[in-house]
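The values are calculated or read from the model by the stated rules, or taken from the named source; none is laboratory data. What you see is a predicted model; the values in this text were computed from it and never measured. Positions of Cβ are backbone-derived with ideal geometry, glycine not excepted, and every protein chain shown enters the neighbour counts. The protein model used for the area step is the full one, side chains on, heavy atoms only, and it has no ligands, DNA or RNA in it. Shrake-Rupley method; radii C 1.70, N 1.55, O 1.52, S 1.80 Å.
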Amino acid sequence: MKKTFVLIVLFVLPIVVYLFFASGVTNFGKLPTLTENVADLPPSDEDISLKGKITVLGFLGKDIELKKGNAFNLNQKIYKRFYEFQDFQFLMVVPKGTEEKVLELKKELGGLSDIRKWNFVYAGENEIHKFFKGLRTNLSLDESLSTPYVFIIDKNGNLRGRTNDEDEGTKYGFDATSVADLNNKMEDDVKIILAEYRMALKKNNSNRDK
């Protein structure tokens, strides 16, 4: 009996666990689209775009030194777990004139992880307001042009989120000041959208092979 039990634990249980999680990802389906065709980024000298990337989009505002905690939370809880996936990026829209503050932030983040997929786009105040308004959320920027919320944008430039969140109903963004929100909700949603694209890629490859 002991040998049989050990064999079950060693060989059968891992298969059951794998099937459970695999079916779970399938049952998640797709992460709901909340806003279609978000306008691309304000013009800048940087060759950065929302198109063709799975993007975590944020707005740090003028007082970047006060938002470092948000950036560190995102870096530790989301970025470090997913940055090695192809076509994944972080993108922060910040006001022109904050270049030195951004360099300082990047230096501090660089001491914690590989930050090659942390991108920053500088824009004027009106451009930032217009771009944020184009997300069509129930959130707003504060007077420093920042929000603690970050957003998931898919490769087609659509804003993804939740339509039946247990706390908010329609959930457009994730609160970077809340480790619980990042751990319990955003991490899961990033996993879902990455799984969605992986399954689509496998399906396309399979169709080509036929």
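Below is a table of values for the structure above.
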{"item": "When each of 96/171; 106/130; 68/117 is checked by Cα-Cα distance, pairs over 24 Å", "result": "96/171; 106/130"}
{"item": "Order of exposure, largest accessible area first, which applies to 125, 196, 36 with probe 1.4 Å", "result": "36, 125, 196"}
{"item": "The range 102-193 - Rg and Dmax from Cα coordinates, angstrom", "result": "14.6, 39"}
{"item": "Aspartates and glutamates with Cα under 20 Å of residue 53, excluding same-chain neighbours fewer than 8 positions away", "result": "36, 40, 45, 84, 87, 114, 154, 187, 188, 189, 196"}
{"item": "Protection proxy ranking, peptides 154-162, 135-143, average beta carbon neighbours within 10 Å, highest first", "result": "154-162, 135-143"}
{"item": "Net length gained if the chain between residue 138 and residue 163 were fully extended (0.36 nm per residue, minus Cα distance)", "result": "7.7 nm"}
{"item": "The range 56-210 - Debye-derived log10 I(q)/I(0), Cα point model, q = 0.19, 0.21 Å⁻¹", "result": "-1.25, -1.48"}
{"item": "For the range 62-185, share of DSSP beta bridges that run antiparallel, in % to the nearest 5", "result": "50 percent"}
{"item": "The range 77-129: equivalent-ellipsoid semi-axes (sqrt of 5 x gyration tensor eigenvalues, Cα, Å)", "result": "22, 14, 7"}
